[in-house]
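Asker: My questions will all concern the structure given below.
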């Protein structure tokens, strides 16, 4: 409100958009003037189209009784409508960096009249490689302006960027950097890489899910997860950068209105999706950037609600988990140490706590040491791969080892070469561990 530059840090879902939108609207109405042609008074940059659209919606909702003109400039849609919206000048422009530079280079937009510049999700801008675009944009802004930088995390690279862009900023940290929302119940399930799809199906059937957001590391991985869920009878849709803007908007609208309850996404949705009623977030792949974990699980438990975040962690992701726990300064509890799901009829699926269900004889399958499936015939290749998998999947909890017998027996039982006793939909034994 006083015009100082600001660095704002707060947990996801706590209202950072309102924190800058409301004072900006007040400033615009307290000092009304017509914007110059092909220019804007306020420029808001965000990393994704979805987040930009959401910010604009918030500006229009908060200022619906004010005479404030606003527009959106994002990629994936024709530029003609955006050029026409800017022709007579507007008050607030919300944009992604790439499309903004396109408009500037085509002489459809001039940045010399910007009074207030907002950089939202600043750390994500660096992750997505926008740093050079941001420097080009900042170079075209007037020196006399107010700059506001907001994020839930503040890595060193962002702090250095802030030092170059801001003048004597006020730093407002509502919570420690990278703090997760307290109302999110976090869990880790340790699994084999190849068993992740079956475990995901098991989790979604066993949990009381309202809406669930499943995160994968790659676009191709998101599509594969959707196909597996649909094959298992769970309706799901994917959203990622390879989808057209129209497809992304339709899928997101279906998720918001409840027609689609399972949305599989890349980190394009880690920031920018603000949907009421997301009860669960599932990390199918743990992120290799620990700050991204904070943003992912922040899609649930928003605005004071509760939520559950479940992460599937294979052996190769243990280092990512250690980095995440170091960042958030807590040890995430493990709810299940299974490497393969148990076969279960629909009525006897695993319960919400993730404990294996007993079979009809009243014994848990992993404890059937004497009467379990035959072991595969040993050979040298099998022994080498089996040893790798044993080392790869050694459980952290010694009590679990006592409950299930030695790791090698449990591993062989759950990889029956004849297909007896394996979970429905789980991969058959191939003679080597895919996790290795």
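Each value in this text was obtained by applying a stated rule to the coordinates, not by laboratory testing. All of these numbers come straight from a predicted model, not from anything done at the bench. Cβ: placed from backbone, ideal geometry, glycine included. Neighbour counts: every protein chain shown.
Asker: Could you compute Rg(Cα) / (2.2 N^0.38 Å) for region 63-159, with N its residue count?
Answerer: With N residues counted in region 63-159, Rg over 2.2 N^0.38 Å equals 1.12.
Asker: Just the ratio, please: alpha-carbon radius of gyration of region 184-336 over 2.2 N^0.38 Å, N its number of residues.
Answerer: 0.96
Asker: Could you work out how far apart the two model spin labels at residue 88 and residue 36 are, taking each label as a point 7 Å from the Cα in the direction of the beta carbon, and quote it in nm?
Answerer: 1.9
Asker: Dividing the Cα convex hull volume of region 209-270 by residue count, how many Å³ per residue is that?
Answerer: Each residue corresponds to 76 Å³ of Cα convex hull volume.
Asker: Next question. Based on the Cα coordinates of region 86-138, what is the per residue volume of their convex hull in Å³?
Answerer: For region 86-138, the hull spanned by Cα atoms encloses 81 Å³ per residue.
Asker: Let me ask you something else. Taking 30 Å as R0, compute the FRET efficiency from the Cβ-Cβ separation of residue 26 and residue 208 and round it to 0.05.
Answerer: Once rounded, the FRET efficiency stands at 0.10.
Asker: Region 6-173: D in µm²/s via Stokes-Einstein (Kirkwood Rh, Cα pairs, 25 °C, 0.890 mPa s)?
Answerer: Rounded to a whole number, D works out at 154 µm²/s.
Asker: Could you give the length gained on full extension between residue 65 and residue 316, defined as 0.36 nm per residue of separation minus the Cα-Cα distance, in nm?
Answerer: Taking 0.36 nm per residue and subtracting the Cα distance, the gain is 85.0 nm.
Asker: Also, I was wondering about something else. Going 7 Å from the Cα of residue 160 toward and past its Cβ, which residues in region 7-38 have a backbone nitrogen under 14 Å from where you end up?
Answerer: none
Asker: Using alpha carbons only, what's the Rg to Rh ratio of region 23-110 with Rh from Kirkwood?
Answerer: 0.95
Asker: Using 0.36 nm per residue of separation minus the Cα-Cα distance, give me the extension gain between residue 325 and residue 173 in nm, one decimal.
Answerer: 52.7 nm
Asker: Given the Cα-Cα distance of residue 231 and residue 4 and 0.36 nm per residue of separation, how much length would full extension add, in nm?
Answerer: Between residue 231 and residue 4, full extension yields an extra 76.2 nm.
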